[in-house]
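The values are calculated or read from the model by the stated rules, or taken from the named source; none is laboratory data. Everything quoted here is computed from the prediction, not taken from an experiment. Cβ: placed from backbone, ideal geometry, glycine included. Neighbour counts: every protein chain shown.
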Amino acid sequence: MSKPNPVFLLQADDCSGQGHSELNRNNSSQDLVEHQGFKNVSELRVRQKLMWRQWRRAHNYIRSIETYQDLSPDLSIRQQVNQSLQQRPPLSPEDWCAQFKPDTQAQCQTLLFIYRSLEDHSGLEFNRVRPHDRLVEDLQFPLVCWFDWANRFCDDVSHHLSIDISDCFDETQIHTLAELATFLETCLTNPSA
């Protein structure tokens, strides 16, 4: 007995296994059973459903790969941003914190938390980033970070600073690093706000 032809099977019936469609308007399910070596029509339908499931799994896998690219960081943009930051001298963590003093009253501990957390999320050289840098326009955060960087940042804040900012943090309303530092320091000094 020969093995059934998978392509022939998919065409023999609609994909859901519901109803019946003719292959060449002359073939019935019974003809397929007889010519393809199946025991009965139900075996044919079971094989068709199985093949349809396998095709859907393969299709979902391909779609997952496409979606992964949309949600993951754009490494070429990250490299471009890091190259543009190369024009600036790197700062020590203490000097980096001092850069924020004219613009914000944030404590150095808060600033160093922002430094480490955003560097981890973005892959950018944060010792070259300055308080006036804009998260979207200059640092390209939506492109250089994973799609959920804001949620991960909120998780970091909760874990390391023991406050929950997930209800009030809106990354689209914070334009610069100085604004982010001010926002976070305000949340730390007044957790009920």
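For the range 176-193, the set of residues classified as under 20 Å from C108 (Cα atoms) and surrounded by fewer than 18 Cβ atoms within 10 Å (Cβ to Cβ) consists of E179, T186, T189, N190, P191, listed by residue number.
In the range 119-139 there is at least one residue matching the filter, namely being touching a residue at least 40 places away in the same chain (Cβ under 8 Å) and in contact with a Phe, Trp or Tyr (Cβ under 6 Å, 6 or more places away or on another chain). The one condition from (1) surrounded by 11 or more Cβ atoms within 10 Å (Cβ to Cβ); (2) over 22 Å from L184 (Cα atoms); (3) modelled with pLDDT of 80 or more that V41 does not meet is (3). Residues that are over 18 Å from E137 (Cβ atoms) and within 15 Å of the chain's Cα centre (by Cα) within the range 58-83 comprise R63, S64, I65, E66, T67, Y68, Q69, D70, L71, S72, L75, listed in sequence order. Per the listing Q87, Q69, the residue uniquely in a helix (DSSP H, G or I) and not charged (D, E, K, R) is Q69. With a requirement of 3 or more residues that are polar (S, T, N, Q), out of contact with any Pro (no Cβ under 6 Å at 6 or more places or on another chain) and on the phi < 0 side of the Ramachandran plot, the helices (runs of 4 or more DSSP H) lying completely within the range 118-193 that satisfy it span 177-189.
Among the residues making up the range 141-160, those that are buried (at least 17 other Cβ atoms within 10 Å of the Cβ) and either in contact with a Leu (Cβ under 8 Å, 6 or more places away or on another chain) or of a type in the set (G, A, S) (or both) are F141, V144, A150, F153, V157.
Can you confirm whether D74 is over 30 Å from T189 (Cβ atoms) and among the acidic types (D, E)? For D74, the condition - over 30 Å from T189 (Cβ atoms) and among the acidic types (D, E) - is met.
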